[in-house]
Amino acid sequence: MPELPEVETTRRGLTPHLVGKHITEVRVRDARLRWPVPDDYAALMRGARIDAIERRAKYLLWHSAAGTSIVHLGMSGSLRVISPEIAPRKHDHIEWQLDSGMVVRLHDPRRFGCVLWAADADSHTLIKNLGPEPLGNEFHGDWLFERSRGRKQAIKTFIMDAKQVVGVGNIYASEALFRAGILPTRAAGRVSRARYEGLAAAIRSVLSDAISAGGTTLRDFLNDSGEPGYFKQSLSVYGRAEEACKVCGQAVRTKVIGQRSSFYCTTCQR
DNA sequence: CGACACACCTGGATGC
DNA sequence: TGCATCCAGGTGTGTC
């Protein structure tokens, strides 16, 4: 169920179990992910010691001396650390055996995720052209303002474009625009510098709030519930069509923008 | 280049 | 209960 906060929560949950450990075996039960798991993936990973797990956009980068495994959870993926005695479930496609005795399993019913290998992750085609991290220093209102000049596309589509800023998914795009008071349909090129400053702050705050909320599930990382970390009750507009706006009471509107459901309040957003 | 539609895939909810 | 339909949190690719 991964938006950026869930991926970051996964990274934090995985780190103590994986960093410093060796991969003793990899079992690929179903290689048919978004791109096939490379034929030599298991051979490349076997024996590797994981030095660090980094998150770039929604990609998890498992760094080792020989190279990096690039893991994406797609729409429906999740990773768990579990005892190997527990039988794999349906859609548990890949399993990494660790020298600690535990296994990491990738569960992904829709198979939109990927598991790849790169000798140098920074130069990989999936990674090299990504925009700034929303929680990093290069991301701010001026960046969005400059990048958006002359653009007619809806601002919601604009902030979901990974070349502008990574990690803003469909839920948090609606939430950030609500916090910033900007209608999602507004042309990106017709938003002022000052309002972009507010939007950048809203994107940062909505994502970091969700990461903090996700943190409460960290202790459950080894359990099999695997529930998403964000709290539905903390969402202001997403998934609340026809319900009362939490600020003004007006019915929350919904509209498809760029083929994605979008939620907003016409009183609070202009 | 920019903007947009489409593709991939399974399963859960809803409606008849 | 069964079956058809719609919808879902991502994002690379192809087309105009």
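The values are calculated or read from the model by the stated rules, or taken from the named source; none is laboratory data. Everything numeric in this text was worked out from a predicted model, so none of it was measured. Cβ placement follows ideal geometry from the backbone for every residue including glycine, while neighbour counts extend to all protein chains displayed.
Residue by residue through segment A:80-97, note down the ones that are within 16 Å of DNA strand C (Cβ to nearest atom) and within 12 Å of A:Pro109 (Cα to Cα). Spell out how you get there, then give the answer.
Going residue by residue through segment A:80-97, those that are within 16 Å of DNA strand C (Cβ to nearest atom) are A:80, A:90-91, A:93.
Selection gives A:Lys90, A:His91, A:His93.
Given the structure, is A:Arg147 outside any loop (DSSP other than H, G, I, E, B), among the basic types (Lys, Arg) and outside the structural domain of A:Tyr41 (by TED's automatic domain parsing)?
Numbers: outside any loop (DSSP other than H, G, I, E, B): yes; among the basic types (Lys, Arg): yes; outside the structural domain of A:Tyr41 (by TED's automatic domain parsing): yes.
Taking the combined requirement at face value, the residue satisfies it.
Condition test on A:Asp161, is it of a type outside the set (Phe, Trp, Tyr), modelled with pLDDT of 95 or more, in contact with an Asp or Glu (Cβ under 9 Å, 6 or more places away or on another chain) and closer than 22 Å to A:Gln269 by Cα? Walk me through it before giving the result.
Values: of a type outside the set (Phe, Trp, Tyr): yes; modelled with pLDDT of 95 or more: yes; in contact with an Asp or Glu (Cβ under 9 Å, 6 or more places away or on another chain): no; closer than 22 Å to A:Gln269 by Cα: yes.
Against the criterion (of a type outside the set (Phe, Trp, Tyr), modelled with pLDDT of 95 or more, in contact with an Asp or Glu (Cβ under 9 Å, 6 or more places away or on another chain) and closer than 22 Å to A:Gln269 by Cα), A:Asp161 does not qualify.
Given the criterion within 16 Å of DNA strand B (Cβ to nearest atom), in contact with a strand residue (DSSP E or B) (Cβ under 6 Å, 6 or more places away or on another chain) and either within 21 Å of A:Gln259 (Cβ to Cβ) or outside the structural domain of A:Gly258 (by TED's automatic domain parsing) (or both), identify the matching residue among A:Leu116, A:Leu130, A:Leu177.
Selected residue: A:Leu116, the only one of A:Leu116, A:Leu130, A:Leu177 that is within 16 Å of DNA strand B (Cβ to nearest atom), in contact with a strand residue (DSSP E or B) (Cβ under 6 Å, 6 or more places away or on another chain) and either within 21 Å of A:Gln259 (Cβ to Cβ) or outside the structural domain of A:Gly258 (by TED's automatic domain parsing) (or both).
Just one of A:Leu33, A:Leu18 is within 16 Å of DNA strand C (Cβ to nearest atom), at pLDDT 95 or above and in the same structural domain as A:Leu79 (by TED's automatic domain parsing); which is it?
From the options A:Leu33, A:Leu18, the qualifying one is A:Leu33.
Of the conditions (1) buried (at least 20 other Cβ atoms within 10 Å of the Cβ); (2) more than 14 Å from DNA strand C (Cβ to nearest atom), A:Gly101 satisfies every one except a single condition; which number is it?
Going through the list (1) buried (at least 20 other Cβ atoms within 10 Å of the Cβ); (2) more than 14 Å from DNA strand C (Cβ to nearest atom), A:Gly101 breaks only (1).
Report, by residue number, each residue of segment A:66-78 that is within 21 Å of A:Ala43 (Cβ to Cβ) and either at pLDDT 95 or above or surrounded by 16 or more Cβ atoms within 10 Å (Cβ to Cβ) (or both). If you could, list the steps in order and put the result at the bottom.
Applying the first criterion (within 21 Å of A:Ala43 (Cβ to Cβ)) to segment A:66-78 yields A:66-71.
Across segment A:66-78, the qualifying residues are A:Gly67, A:Thr68, A:Ser69, A:Ile70, A:Val71.
For segment A:59-98, enumerate the residues that are closer than 17 Å to A:Ile127 by Cα and either in contact (Cβ under 8 Å) with a residue 60 or more places away in the chain or touching a Cys at 6+ places or on another chain (Cβ under 9 Å) (or both).
Once the filter is applied, which keeps residues that are closer than 17 Å to A:Ile127 by Cα and either in contact (Cβ under 8 Å) with a residue 60 or more places away in the chain or touching a Cys at 6+ places or on another chain (Cβ under 9 Å) (or both), segment A:59-98 yields A:Tyr59, A:Leu61, A:Ile70, A:Val71, A:His72, A:Leu73, A:Gly74.
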